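The structure appears below as C-alpha cells.
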Amino acid sequence: ITVKKSTQRLSSLSKREVTKYKFKLIMSPPTPISLALALLCIFLQSNQSFAFQPPNNAAYSVLNRGALAKLDVVASLQISKTHLPNEEDTEEFPQNELSRRDILQRSVCGIGAAFAASVSGVVPVNAFPNFLLSADDNRGVKGMPVPSKKLGGLSNKIRGVSKIMDELQRDLMQERWDLVENYPAQLRSFVPVFTAYTDSAFPTDIPTDQGLRVALRYEVGRFFASLERLRQATSRTSLDEAYVAYSDMSLHFDRYLRVGGLYTFYDDTVSLEPYYKGIADNALVYVDPKKDPALVRDLVVLREGPDKGRTGIVIGIYPDGSNTCAVKLDRSKGIREIRVVPRSWAAKRLGEQDPDDVFLIPRS
C-alpha cells in the first residue's frame, strides 16, 4: 500500500518536484516506513517483479552485478532526468520507451536499494576497481598475486619441487655426484607443469595477468638455464660451479613461487632493522665476517639488512667480483626463502648448532 501511494503521489508531481522528493528520500534519516519500503523493494527485486525490474541501461547493469548501491541512485536520477517528459507532454511513449510510472517505480527501487545498502553497510566483493581484479571477480589483489582457483593439483606439484631442491642441496653438499647427476632429468619433467600453471593461473588478457605471465616465464627460463649449468658442472665434478648454478636455481624458483602466488603465507614486514634499534650490536652472537668470512655450508646469521637477525645456510658464493653470496633462510611456514646479500652481512654463528634441515631428510 505504501509503495502504491508513493507511486501515485510521484506520478502527479512535476520533474523538479520529483527530483526534490527523491533527494529528500536519500538525505532523510531512517524511519520505520522508509525501512519497510527498502525491505519491500529488495524483496521484489529478488523476485524479479515486472514493476521493479531495472531498465536495460548501461548504468543500471551495475546494479545487476551487485556493485555499489550509490551508483544506482545516480543512475536512477540520470534516467529520470533523461526520459521524463515535460508536464505538458501528453503523448504516449513508444513501446521501446519507459513510461513515467515505470521510471518512477524503478527510481524508487534504486533509492530503496541504496538505503538498504547504507543500513546494512555491506559492500559487495566486486566493488573493487577493475585493476584489482583478475580472472575471477572475487580475486582482489591483497599484497600478492592471487592465482585462479581452477588449477587442480598444479600448485601442489610446483610446491613439491621445493622438496626435490632440498634433496639436491643435501646430495650436492655431500658431494654425491652419482646422485646429483639424476636431478636434471627429474626436474626437466616439470616443464609442462610450470607451463600449465603459468597459463592457467593468470589466463586473462588484463595487463596484470599479462605481466605476471611474462615474469613467470622469465623465471622458468632462468631456472632451467641454471639447471643446464648444474648438469655441465656435475659432468666436470666442479663443486664451486655447481654451487653457483644451484644458487641461481634456488633464487629463480623462489621468485617463481613469490610472483605466482604460491607462498603459503605473506609477510608484509619491510625490514627487521627497526626492531634492533636500541639493542647493542653484540646481542647477536657471531664471528666477525671480516676476519672469518662464511663459506658454503656454513650456518649464518644476517647481521645487517632488512632480514637482520634471520638465520640460514650459505648455498653459494658468486665469483663475479660482486662479493655476494646466496643464503637459504631457515624454514618458515613451510617455505625457505632465498636471499642474495653481501658477504659482510652473512656471519657465521657461534656455539653448537642444529644441522640444516636438508641433512635430516632420509634417502628413499
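The values are calculated or read from the model by the stated rules, or taken from the named source; none is laboratory data. Predicted, not measured: the structure shown is a model, and the values here were computed from it. Cβ placement follows ideal geometry from the backbone for every residue including glycine, while neighbour counts extend to all protein chains displayed. All accessible areas refer to the heavy atoms of the entire protein, side chains included, with ligands and DNA or RNA removed. Shrake-Rupley method; radii C 1.70, N 1.55, O 1.52, S 1.80 Å.
Restricting the chymotrypsin sites (Phe, Trp or Tyr not before Pro) of region 226-295 to loop positions (DSSP other than H, G, I, E, B) with no more than 13 neighbouring Cβ atoms within 10 Å leaves F265, Y266. Residues within the reach of a label modelled at L295 (point 7 angstrom out along Cα to beta-carbon, backbone nitrogen below 17 Å), restricted to region 227-249, are 238-244.
Note on region 301-355: Cα Rg divided by 2.2 N^0.38 Å, N the number of residues, gives 1.11. For region 249-364, the carbon plus sulfur part of the accessible surface works out to 51%, probe radius 1.4 Å. Among the trypsin sites (Lys or Arg not before Pro) in region 258-364, those placed in a DSSP loop whose Cβ has at most 12 other Cβ atoms within 10 Å are K277, K290, K291, K333, R363. Using only the C-alpha atoms, the convex hull of region 169-312 corresponds to 141 Å³ per residue. Find out how many positive minus negative residues lie around Q169, taking Lys and Arg as positive, Asp and Glu as negative, among other residues whose Cβ is under 9 Å from that of Q169. After counting each charged neighbour, the total is -2. Exceedance of the 28 Å cut-off in Cα-Cα distance is limited, within the set K157/K348; K308/K333; K163/K290; K290/K328; K163/K348, to K157/K348; K163/K290.
Applying 0.36 nm per residue to the separation of D267 and I361 and subtracting their alpha-carbon distance, the gain on full extension is 31.2 nm.
Taking the 1.4 Å solvent-accessible surface of region 165-240 as the whole, the part contributed by carbon and sulfur is 54%.
Distance from the C-alpha centroid of region 172-244 to that of region 301-364: 21 Å, rounded to the whole angstrom.
Annotation note: GluC sites (Glu not before Pro) in region 302-355 located in DSSP loop regions with a Cβ neighbour count of at most 11 within 10 Å are E352. Note on region 320-364: with charges restricted to the Cβ of Lys and Arg (+1) and Asp and Glu (-1), its dipole about the Cα centre is near 100 debye. The calculated pair-distance distribution of region 186-231 uses every alpha carbon pair, bins of 5 angstrom beginning at 0, and gives 5, 21, 28, 20, 13, 8, 4, 1 percent.
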